[in-house]
Amino acid sequence: MGHWLHRNIVEPGKLPLLLALTAFVLTFVITRVITRLIRAGKGPFGNIKAGDVHIHHVVPGVVLTVIGGFGAVASTRYGVGSALFAIVFGIGAGLVLDEFALILYLDDVYWTEAGRKSVEAVVLTAALVGFVLAGFSPFGVNDLTAAELHDRAGVIVSVGVNFLFALIALSKGKARTAVFGVLVPLVAIVGAIRLARPGSPWAKRFYRKRRHRARARSTLRAYHHDRRWAGPRRVVQDWIGGKPDPEPLRLPGRP
């Protein structure tokens, strides 16, 4: 294990990235545990306030992210300094993305349905950083041989084609597929070939006039996909981030 860690992590200069990812994940997990205890009224924890102002943990998260980011830029990939700043950055990023929905909606939606965006942002970020840490280079050019790397034109074409597939997948309303497709080319190709989701820019542009059958198939496939995966996705999100509060019932005719 020690030899593998040195050969694949320390020697290539990936130790700060590993430390940042570990700090990021642990910070998110610990933060969610504490916020759940506060929500349940258990334990010694409580919300931080300055007078009547609730200080969200995104505030210290931004401060730590700035300190860790600038410190990492000023450091090399080797040494104690880079490792410490990587940990600080990971902690800050974990606190910030745990309240990603707050930044997105500019509202305290932490325990609402909209607050699930924070969990999605954290999981997606951790997965992407994990891909990079495992050796996947952007645009999937990590498997090129030394001779191919000398062929700049081939590298540029490979990057351009895969990026085009990722853009097509994104235009078809498949954001997660497009993001992962940047790192894993086959994922981008699958997302680009399959039918677009209804309401996506691709569907609005190409499925409106004459392709009625494609529009119907797109709607039906999206319905079955969402119905199939909505339950498992909700269970996983509840397990990771906590179950959101039920939305209040609204009487007809009232805001």
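Being among the small types (Gly, Ala, Ser) and either closer than 19 Å to Gly130 by Cβ or modelled with pLDDT under 95 (or both): is that true of Gly41 here?
Values: among the small types (Gly, Ala, Ser): yes; either closer than 19 Å to Gly130 by Cβ or modelled with pLDDT under 95 (or both): yes.
Yes, satisfied.
Does Trp239 meet the test of being modelled with pLDDT of 75 or more, open to solvent by 100 Å² or more (accessible area, probe 1.4 Å) and over 18 Å from Phe163 (Cα atoms)? Full working, then the answer.
Working: modelled with pLDDT of 75 or more: yes; open to solvent by 100 Å² or more (accessible area, probe 1.4 Å): yes; over 18 Å from Phe163 (Cα atoms): yes.
Yes: the conditions hold for Trp239.
Going through the range 191-221 one residue at a time, which ones are open to solvent by less than 80 Å² (accessible area, probe 1.4 Å), at pLDDT 75 or above and in a helix (DSSP H, G or I)?
Those that are open to solvent by less than 80 Å² (accessible area, probe 1.4 Å), at pLDDT 75 or above and in a helix (DSSP H, G or I): Gly191, Ala192, Trp202, Ala203, Ala216, Ser218, Thr219.
Find the residue count for the range 92-134, including only residues that are open to solvent by 60 Å² or more (accessible area, probe 1.4 Å), touching a residue at least 24 places away in the same chain (Cβ under 8 Å) and closer than 12 Å to Val58 by Cβ.
Counting residues in the range 92-134 that are open to solvent by 60 Å² or more (accessible area, probe 1.4 Å), touching a residue at least 24 places away in the same chain (Cβ under 8 Å) and closer than 12 Å to Val58 by Cβ gives 2.
How do the helices (runs of 4 or more DSSP H) wholly within the range 1-75 filter down when requiring 3 or more residues that are open to solvent by less than 60 Å² (accessible area, probe 1.4 Å) and within 17 Å of Ser118 (Cβ to Cβ): which remain? Show your work before the answer.
Numbers: elements: 2-5, 15-40, 58-74.
Ranges flagged: 15-40, 58-74.
The values are calculated or read from the model by the stated rules, or taken from the named source; none is laboratory data. Because the structure is a prediction, the values reported are computed rather than measured. When we count neighbours, we look across all protein chains shown, and the Cβ atoms used for this are built from the backbone with ideal geometry, even at glycine. Protein only, heavy atoms only, side chains kept; ligands, DNA and RNA dropped before computing areas. Shrake-Rupley method; radii C 1.70, N 1.55, O 1.52, S 1.80 Å.
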